[in-house]
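What follows is one structure encoded as structure tokens, with my remarks underneath.
The values are calculated or read from the model by the stated rules, or taken from the named source; none is laboratory data. Nothing here was measured: the structure is a model prediction, and the numbers come from that model. When we count neighbours, we look across all protein chains shown, and the Cβ atoms used for this are built from the backbone with ideal geometry, even at glycine. We work out accessible area using only protein heavy atoms, side chains counted, and drop any ligands, DNA or RNA first. Shrake-Rupley method; radii C 1.70, N 1.55, O 1.52, S 1.80 Å.
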Amino acid sequence: MIKPNKLVKKDFLSSLDMSTEEVNHIIELAKNLKNNHINIDYKKKVLGLIFDKSSTRTRVSFQVAMSRLGGTTIDLNPTTSQIGRGEPIKDTARVLSRYCDVIAIRTFNHSDLEEYAKWSTKPVINALTDLEHPCQALADFLTIKEEFIDFKNVILTFIGDGNNVANSLILCGALLGVEVRVACPRGYEPNPILIERARKIYKNDNLLKIMHDPDSAVRGANVLYTDVWSSMGEESKKEEKDKDFNGFTIDNDLVNKANKDAIILHCLPAYRNKEIIDAVIESDKSRIFDQAENRLHAQQALLACMFK
Ligand code: CP
Ligand code: NVA
């Protein structure tokens, strides 16, 4: 029977903080937890949650995951804790390390997350920064594995902004050897440093493609994925980005150009009829709500591998 193996690195700040074996282990463990094949008990463990941005899925799935592990969570609201007053991260991190067993943080600057991890003696999890969303990628590849059983021959096309979600998909895809194509307007490519890191991991250079034409990017693809065009913190750019992303909507026409077996993913929340039309979200190709459910199972597995 599968048992949680402790992760080598203390923190999970980036998809690249795990090895290929570790990502595969988390996915297998998550599948077993989802199907009630195993029961893991971490009574009395406490997860601290710091969310500088809004969240439904990440916050609730972490809370439920901890409760299923027998532990509890403390939701540290930045506005009612001293975080909002501007207490230095190095002080908050050292104090919370003495109360909590693990801390999940959603914030803007990735460097702030790294600062928390530097000063925290307990594991720190990236619950989304402007640069990466690695917990989302774990749930996404769990969803893809459930559908296609094997990652071999899967082509994942992300259509939209080269944002945090795209960055983590690229990195996790590289670890798993999945072909990832990103189709974005010029000027909205994923982070160039992370693209370089991903290319170094892929054994075959052709498995990561940054493209600008959605039609050719979806040809032969088994997974079509999109996310909002303007992320949290980019509210002032919305109008400009809406114009720049004209032609990058996932609609029925685009879906019909992909492989016959293609499934549709979106990390949610969506702006329906902007990056994806309502009918595609509701179509029988959509696995969007399974994907959202999988946040819970993937994060329960992740936590189990951090406490061991
Ligand atoms: N996908 C995701 O992270 O959703 P929330 O912003 O609701 O947590
Ligand atoms: N790219 C989006 C993801 C939300 C889950 C954002 O950062 O707002």
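Brief remarks on what is shown
- Considering residues of the range 40-49 that are open to solvent by less than 10 Å² (accessible area, probe 1.4 Å) and away from ligand 2 (no atom under 16 Å from the Cβ) only, the residue nearest to residue 85 (Cα to Cα): 48
- Residue pairs whose Cβ atoms lie under 7 Å apart, sitting 6 or more positions apart in sequence or on different chains, and linking a residue in the range 132-150 that is under 14 Å from residue 18 (Cα atoms) to a partner that is away from ligand 1 (no atom under 12 Å from the Cβ) and of a type in the set (Asp, Glu), do not occur here.
- Looking across the range 36-61, the residues that are away from ligand 1 (no atom under 16 Å from the Cβ) and modelled with pLDDT of 95 or more come down to 45, 46, 48.
- Residues located in the range 148-197, provided they are crowded, with 24+ Cβ neighbours inside 10 Å, out of contact with any His (no Cβ under 7 Å at 6 or more places or on another chain) and small (Gly, Ala, Ser): 160, 166, 173, 174
- Scope the range 1-35; condition closer than 20 Å to residue 113 by Cβ and either at pLDDT below 95 or assigned to a helix (DSSP H, G or I) (or both); matching residues: 15, 16, 17, 22, 23, 26
- Taking (1) open to solvent by 10 Å² or more (accessible area, probe 1.4 Å); (2) assigned to a helix (DSSP H, G or I); (3) under 28 Å from residue 76 (Cβ atoms); (4) more than 16 Å from ligand 2 (Cβ to nearest atom) in turn, residue 93 satisfies each apart from (1).
- You will find that of 170, 155, the residue that is farther than 24 Å from residue 113 by Cα and hydrophobic (A, V, I, L, M, F, W, C) is 155 and no other.
- Listing of helices (runs of 4 or more DSSP H) fully contained in the range 226-307 that carry 1 or more residues being away from ligand 2 (no atom under 14 Å from the Cβ) and surrounded by 21 or more Cβ atoms within 10 Å (Cβ to Cβ): 252-257, 278-281, 288-307
- Number of the condition not met by residue 205 [criteria: (1) away from ligand 1 (no atom under 16 Å from the Cβ); (2) touching a residue at least 12 places away in the same chain (Cβ under 8 Å)]: (2)
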